[in-house]
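S.K.: Quick one: the structure is below, questions incoming.
The values are calculated or read from the model by the stated rules, or taken from the named source; none is laboratory data. Computed from a predicted structure; not experimentally measured. Please note that ligands, DNA and RNA were not included when accessible areas were found on the heavy atoms of the full protein model with its side chains. Shrake-Rupley method; radii C 1.70, N 1.55, O 1.52, S 1.80 Å.
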Amino acid sequence: MIILLHFHLKHAIVFGKRKQNDVQFYTEVGELTTDLGKHRNMHDKDDVLAEQAERDLRNKLKGAFQSFIEKVTQQKNFPFEFEQPFRPLGFHGTPHRSMVLILPTTSCVVQLTEWPPFVIVLDEVELVHFERVHFQLKNFDMVFIMKDYSKKTQAIQAIPMAELDPIKNWLNSCDMCYTEGPQSLNWAKIMKTITDDINGFFAQGGWTFLEADGDGEGEGEGAGEDSDAEEDDYDPEEDDSEEEGK
């Protein structure tokens, strides 16, 4: 229902006495909400005509936006490219206050239909960490750690657990490093500790502590299961191995 063109600026400009890094031009097509109190007949001629008119208007506006993009990119020495989100790669999450559809583009991951927008430039990200990854939980959080450690981490919360593997596949296709763990971390405190002694942080292993957090718990559980198996099922396993040998 919304056609928009979004600019994520490298250098902020002032709007209404506030610095803004995001500028958006958009138009709404049709009604964003539906009045369920209206009794409509799907074969009502007026409704059919209204829907057709809405489709025609949407196509006309899309054409106008696309025409603008083509005219801009045809300018000599134009250094930028316009990107369109990949809807099949989209996933739901909460970057601010409400659950929205997060969409990857070629070089970013964005949410542009609700204000404030959420824009992460992948080239500026050093690592992605998944928090609260546990088989008993229905949701997890996704934290973006920037290459510039002075910048705050950005997070998308309450992502459905079913989206974890598709997101990992997308990050792999982008050659992005990621880690995961079962706990939520105090990132403000972690980043302050790192920036206070960056050399010491990397001397102690750097981000490997995130992997240790996830793997350590898994290894501990696995060790317990193996020891129980050895005590309780030692003879059956031995018999199975003998039958396989025969």
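S.K.: Can you give me the long-range amide H partners of Leu127? Hydrogens built in the peptide plane at 1.01 Å from N, cutoff under 5 Å, separation of 5 or more residues or another chain.
M.R.: For Leu127, whose amide H was placed from the backbone, the distant partners under 5 Å are Ile145.
S.K.: Let me ask another. Kindly write out, for the stretch 45-50 in residue order, the coupling ³J(HN,Hα) from the Karplus curve 6.51 cos²θ - 1.76 cosθ + 1.60 (θ = phi - 60°), rounded to whole Hz, with x marking Gly and Pro.
M.R.: 4, 5, 5, 4, 5, 5
S.K.: Amide H of Met176: which non-local residues (sequence gap of 5 or more, or other chain) have their own amide H closer than 5 Å, using H built in the peptide plane?
M.R.: Close amide H contacts, sequence-distant or interchain: none at all.
S.K.: Oh, and also: Tell me, what is the 1.4 Å probe accessible area of Lys45, in Å² to the nearest 10?
M.R.: For Lys45, solvent-accessible area is about 150 Å².
S.K.: I'd like to check one number: the per residue accessible area of the stretch 106-186, probe 1.4 Å, reported in Å² as a whole number.
M.R.: Value returned for the stretch 106-186: 51 Å² of accessible area per residue.
S.K.: Once amide H atoms are placed 1.01 Å from N in the peptide plane, what residues at a sequence separation of 5 or more from Cys108, or on another chain, have their amide H within under 5 Å of its amide H?
M.R.: Leu122
S.K.: Ordered by residue, what ³J(HN,Hα) values in Hz, to whole numbers, does the stretch 141-154 give under the Karplus form 6.51 cos²θ - 1.76 cosθ + 1.60, where θ = phi - 60° and Gly and Pro are x?
M.R.: My calculation for the stretch 141-154 gives 10, 10, 10, 9, 9, 7, 5, 7, 5, 6, 8, 5, 5, 10 Hz in order.
S.K.: Using the Karplus curve 6.51 cos²θ - 1.76 cosθ + 1.60 with θ = phi - 60°, what ³J(HN,Hα) values do you get for each residue of the stretch 13-25, in whole Hz, with x for Gly and Pro?
M.R.: 10, 9, 10, x, 6, 10, 6, 10, 9, 10, 10, 9, 10
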